[in-house]
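Enquirer: Shown below is the structure under consideration.
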């Protein structure tokens, strides 16, 4: 069985969350997701998230705390998803290694088709929005 560890960045700014759209030729092409990606050999999930934010969107973030870890996938290929609350540090997002990106509000985020692994976490975020994203 293959096991991949993937970091998923929950980046909140000015009342909105940052989501990225997958390239059409990728698996789940066109779906939206929390920015992030696969952890490389020798790096922590936090380092992975920081690297992926620069590579995908050209921004600097600081992973602050783990929200949850979820297993996803089929028996032959499991994906361990680590969802981290991340502080936006600098840079304006650009679609570098993604099709598009959006800052979305609590009210609008359900209009985007998120990856299956992100959906259950999304419901938790919506339910606890005020608690998680105190301004």
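Enquirer: Within region 68-85, find all residues whose amide N lies under 20 Å from a label point positioned 7 Å from the Cα of residue 134 along Cα-to-beta-carbon.
Expert: Backbone N within reach: 68, 84-85.
Enquirer: What is the extension gain from residue 127 to residue 67, computed as 0.36 nm multiplied by their sequence separation minus the C-alpha to C-alpha distance, in nm to one decimal? Display every interim value, and only then the final one.
Expert: Details: separation 60, 0.36 × 60 = 21.60 nm, distance 1.38 nm.
The span from residue 127 to residue 67 would gain 20.2 nm if fully extended.
Enquirer: A further question on this structure: Relative contact order, percent, of region 2-132 when contacts are C-alpha pairs under 8 Å separated by at least 6 residues?
Expert: Once normalised by length, the contact order is 31 percent.
Enquirer: Is the shape of region 1-92 best called rounded, prolate or oblate, per the rule: a/c under 1.5 gives rounded, else a/b larger than b/c gives prolate, else oblate, with a ≥ b ≥ c the square roots of the Cα gyration tensor eigenvalues? Show your work: numbers first, answer last.
Expert: On the way: a/c = 1.75, a/b = 1.38, b/c = 1.26.
Note, shape of region 1-92 comes out prolate.
Enquirer: Mean residue ellipticity at 222 nm from the helices of the chain, using -39,500 (n - 2.57) per DSSP H segment of n ≥ 4 over the full residue count, to the nearest 500 deg cm²/dmol?
Expert: -6000 deg cm²/dmol
Enquirer: With 5 Å bins from zero, work out the P(r) of region 84-135 over every alpha carbon pair and list the percent per bin.
Expert: Once binned at 5 Å, the Cα pair distances of region 84-135 give 4, 14, 22, 27, 21, 10, 1.
Bear in mind that the values in this text are calculations on the coordinates, not laboratory data. This is a predicted model, so every value here is computed, not measured. Every residue, glycine among them, receives a Cβ derived from its backbone with ideal geometry; neighbour counts consider all protein chains shown.
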